[in-house]
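Notes follow once the structure below has been shown.
Just so it is clear, none of the values below were taken in a lab; they were calculated from the coordinates. As the structure is a prediction and not an experimental result, all values here were calculated from the model. When we count neighbours, we look across all protein chains shown, and the Cβ atoms used for this are built from the backbone with ideal geometry, even at glycine.
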Amino acid sequence: MKVKFWGVRGSLPVPGRKTERYGGNTSCVEVRSASGTRVVVDAGTGIRKLGKEIAADDAGPSEVHLLISHTHWDHIQGLPFFSPLYQKGNKLQVYARKRDDLHLRAVFASQTDDPYFPIPFEEAKADVAFSELSDNAKFEISDVKVTSARLNHPYVATAYRLSVDGKSVVYVSDTAPFSDILFEDQFVAQPPGPGAELPAADKKKLAKMREGVVRLCEGADLVVYDTMFTPEDYKKQPHFGHSRPSDAVQICHEAGAKQLVLFHHAPERADAEIDAILAETRAATKRDGVKLDVVAAYEGLELDPENV
Amino acid sequence: MELTFWGVRGSIPAPGPGTVRFGGNTSCVSLRTSGGKLVVLDCGTGARNLGNSLLGGPFGKGGGEASILLSHAHWDHIQGFPFFVPLYIQGNTFHIYGGAKSSPMLEGILEGQMAPQYFPVQTLKNMGASIEIVAIKDGEPFSVEGCTVTARTNPHGRSGALAFRVEDAGRVLVYASDAGYAAAGAPAESIALYRGADVLVHDSTYTPDDRKRYLERGFSSVDDAVAVAVAAKVKRLVLFHYDQDYTDADVDALVARARRLLDDAGATSIEVSGAVEGETLSV
């Protein structure tokens, strides 16, 4: 199994000198099995370059399985620029959590509607199909086993575990910690007041959600986790739906995961700041006696869990 | 008036070492008028940096007022809007002008980007600032922040994009992004709009070869930009809206080609440069 990072940023793409090393494209991660099954998680702007590589490398038609964590822009905005979409014979299977109010195909089709984009979705020449998933779905994509869990993010997001070749990688983005707010579909205008007590039903739901995520990460070789926030960011914006590195470390520790990949970097985070966050996180795990390898995702990073 | 470029790229942001000099953010230009007012031309991802740069002034305290002119609603011209922080500060006022059949339709287009399946803020109404949205008509001058603005629709692939002529205290800026003229050249109305501009910021997405290859996308080549600059006798041409795959060296080559073409046409007095993210120029 090989894991490659094509986009590691959250919110919106951030070009420029400050992001040159870690990269400015939004979320996109590719997982390939030894037999060649290609699963891609999220379609942020990073997927544009993946598309170019697929077009250049694959001799025949391509087959891509695209798992979507949720449909906020930074996780889907690259898809109209994914060149295999416009090539006859290619296959694209899109998976995301089922919603009662909105069909998945409509969410993607609206992205390329007039007046937003010049090429409507119906003109994509590839064979595109959609699978709507239930919470805690379990299914197979060729030789890759997929399981999922619900995350704590506005309008709800999904985490995926992919297992193949005797290894597993878990993608946990985007999510808030499972402690201060329960996110559902409603807009949360204000952070909860200091010391605000959550309703018992919310607490119960969050505890269950957290347990689901820990279980999903159990014994994983790699865990890619939304660590967009510093502790200071989180204090100011607990209602924005993102985690801190310490939240990811805690989940990985409880789950006995081997390696944590810090992911979904904040748009304002310069390369040197990500270096510092990585160093702090490593120092904290060492100090606390947590046996966990930590890396920070950058564009172009390839990980082979065989070698972890 | 003073012009600052916050995003100069077309189609999709292009981060990476290859674009750091000219910049990888999508289209956004700000204009500081002679009266000190702010006008924003398009809201690509460059709008995020513009918004952040304003927070030290009245926009940070809810005392700011500005106008935003939108050429059209393709993503690379509106995708920075949800990340423009002054829109979230109560007390700020924004007037947004764009092309649509009616003002409610233009509002609907901007609401579409904020919808809960795409963005956590869910609706413009949750943004905080006071936002007025106005659909404008071709060729009818209107007043914006003390300037006179005239808009014309240029052909752009299957749709159109507005070009804006902004007149302020005797100076003229024209912003014409996303223009894909027919083989016969730009329509007379477009040349009339650009006529005598002190600065013409013009779509120069492609080399002539790429323009031919991607004809249906409806963008200009650098040659098209030079042709309208010469025909309209502008004083300065600024190349803009580079293809997402062009590196800094590719854009250097576009600028050099434009200079050569202008000289060959005997238009040696027309200045030319490529728009650079973060640079300010005086009109």
May I ask for the distance between the Cα centers of the stretch A:91-145 and the stretch B:215-283, given as a whole number of Å? 40 Å
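Return the FRET efficiency for the residue pair A:ALA283, B:SER269: r is the Cβ-Cβ distance, R0 is 41 Å, and the value is rounded to the nearest 0.05.
Taking R0 as 41 Å, the efficiency between A:ALA283 and B:SER269 is 0.10.
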Tally the DSSP beta bridges in the stretch A:131-241 and give the antiparallel ones as a percent, rounded to 5. 80 percent
Rg over Rh, two decimals, the stretch A:140-190 (C-alpha only, Kirkwood Rh): 1.13
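I need B:MET127, A:MET228, B:MET105 ordered by Cβ neighbour count within 10 Å, fewest first. Walk me through the numbers before you get to the answer.
Details: B:MET127 20, A:MET228 27, B:MET105 14.
Sorted ascending by nearby Cβ count, the order is B:MET105, B:MET127, A:MET228.
Hey, could you grab the Kirkwood Rh for the protein assembly as shown? Inverse mean 1/r over distinct alpha carbon pairs, Å, one decimal.
Details: mean 1/r = 0.0403 Å⁻¹.
For the protein assembly as shown, inverting the mean 1/r across all distinct Cα pairs yields 24.8 Å.
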At a Cα cut-off below 18 Å, give the aspartates and glutamates reachable from B:LYS212, other chains included and same-chain residues fewer than 8 away excluded. B:ASP178, B:ASP203, B:ASP223, B:ASP224, B:ASP243, B:ASP245, B:ASP250
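Rounded to the nearest 5, what % of the DSSP beta bridges within the protein assembly as shown are antiparallel ones?
Numbers: 57 of 118 bridges.
Roughly 50 percent of the beta bridges in the protein assembly as shown run antiparallel, per DSSP.
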Straight-line reach from A:LYS203: which aspartates and glutamates have a Cα under 18 Å away, not including same-chain ones fewer than 8 places off? A:ASP180, A:GLU184, A:ASP185, A:GLU211, A:ASP247
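Given a Förster radius of 45 Å and the C-beta distance between A:ASP135 and B:LEU215 as r, what FRET efficiency does 1/(1 + (r/R0)^6) yield to the nearest 0.05?
Calculated value: 0.45.
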Sort all Cα-Cα distances of the stretch A:129-230 into consecutive 10 angstrom bins from zero, then give the percent of pairs in each bin up to the one containing the longest distance. 14, 43, 30, 11, 2
Length gain on complete extension for the stretch A:HIS103 to A:SER142, per 0.36 nm per residue less the alpha carbon to alpha carbon distance? 11.5 nm
If a/c stays under 1.5 just call it rounded; otherwise compare a/b with b/c (prolate if a/b is bigger, oblate if not). Do that for the stretch B:79-151, with a ≥ b ≥ c from the square roots of the Cα gyration tensor eigenvalues. oblate
Yeah, the stretch A:1-144 with a ≥ b ≥ c from its alpha-carbon gyration tensor (a/c under 1.5 is rounded, else prolate when a/b outruns b/c, oblate otherwise) is rounded
Helix-only mean residue ellipticity at 222 nm, chain B, DSSP H runs n ≥ 4 weighted -39,500 (n - 2.57), per residue, nearest 500. What is it? -6500 deg cm²/dmol
Given Cβ point charges of +1 (Lys, Arg) and -1 (Asp, Glu) and nothing else, what value in debye, to the nearest 20, does the dipole of chain B about its Cα centre take? 260 debye
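Beyond 20 Å between alpha-carbons counts as too far, so tell me which of A:LYS236/B:LYS61; A:LYS52/A:LYS91; A:LYS145/A:LYS291; A:LYS91/A:LYS138; A:LYS167/A:LYS291 fall in that bin. Walk me through the numbers before you get to the answer.
Values: A:LYS236/B:LYS61 18 Å; A:LYS52/A:LYS91 15 Å; A:LYS145/A:LYS291 26 Å; A:LYS91/A:LYS138 22 Å; A:LYS167/A:LYS291 18 Å.
Pairs exceeding 20 Å: A:LYS145/A:LYS291; A:LYS91/A:LYS138.
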Using alpha-carbon coordinates alone, the radius of gyration and Dmax of the stretch B:236-283 in Å work out to 11.5, 31
per DSSP, antiparallel bridges as share of beta bridges in chain A, % nearest 5, sits at 45 percent
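Pop the C-beta distance of B:ASP223 and A:GLN93 into the FRET formula with R0 = 60 Å and round what comes out to the nearest 0.05.
On the way: r = 43 Å, r/R0 = 0.71.
After rounding, the FRET efficiency stands at 0.90.
In terms of the Cα gyration tensor, with a ≥ b ≥ c the square roots of its eigenvalues, is the stretch B:1-131 rounded because a/c is under 1.5, prolate because a/b exceeds b/c, or oblate?
Here the stretch B:1-131 falls in the rounded category.
So for the stretch A:222-300, Kirkwood radius off the Cα pairs, Stokes-Einstein at 25 °C and 0.890 mPa s: how many µm² s⁻¹? All intermediate terms of the calculation are to be shown ahead of the outcome.
Values: Rh = 12.6 Å.
Using the Kirkwood radius from Cα pairs, D works out to 194 µm²/s.
Taking only DSSP H segments of four or more residues, each worth -39500 (n - 2.57), what value at 222 nm results for chain A once the sum is divided by all its residues, to the nearest 500 deg cm²/dmol? Present the calculation step by step, with values, prior to reporting the outcome.
Values: 6 runs with 71 residues, N = 308.
That comes out to -7000 deg cm²/dmol.
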Given 20 °C and 1.002 mPa s, how large is the Stokes-Einstein diffusion coefficient of the stretch A:104-154 in µm²/s, with Rh as the Kirkwood radius over Cα pairs? 157 µm²/s
Apply the Debye scattering formula to chain A, with a single equal point scatterer on each alpha-carbon and no solvent, then give log10 I(q)/I(0) at q = 0.07, 0.12 Å⁻¹. -0.25, -0.77
For the modelled label position 7 Å from the Cα of B:ARG260 along Cα-to-Cβ, which residues of the stretch B:203-220 have backbone nitrogen atoms closer than 12 Å? B:208
Listed residues A:ALA34, B:SER273, B:TRP75: farthest to the positive end of the dipole of the protein assembly as shown (Cβ charges): A:ALA34
Roughly speaking, what is the stretch gain from A:GLU306 to A:ASP127, that is 0.36 nm per residue apart minus the C-alpha to C-alpha distance, in nm to one decimal? 61.1 nm
What the Cα atoms of the stretch B:65-190 span along the principal axes, largest first and in whole Å, is 46, 36, 22
For the stretch A:153-308, just run the numbers: alpha carbon Rg, then divide by 2.2 N^0.38 Å, N being how many residues it has. 1.04
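When only DSSP loop residues count, what trypsin sites (Lys or Arg not before Pro) in the stretch B:1-106 have their Cβ near at most 12 other Cβ atoms within 10 Å?
B:LYS61, B:LYS101
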Lys/Arg Cβ at +1, Asp/Glu Cβ at -1, dipole of the stretch B:23-160 taken about the Cα centre: which of B:LEU31, B:GLN122, B:ALA151 is farthest positive-ward? B:LEU31
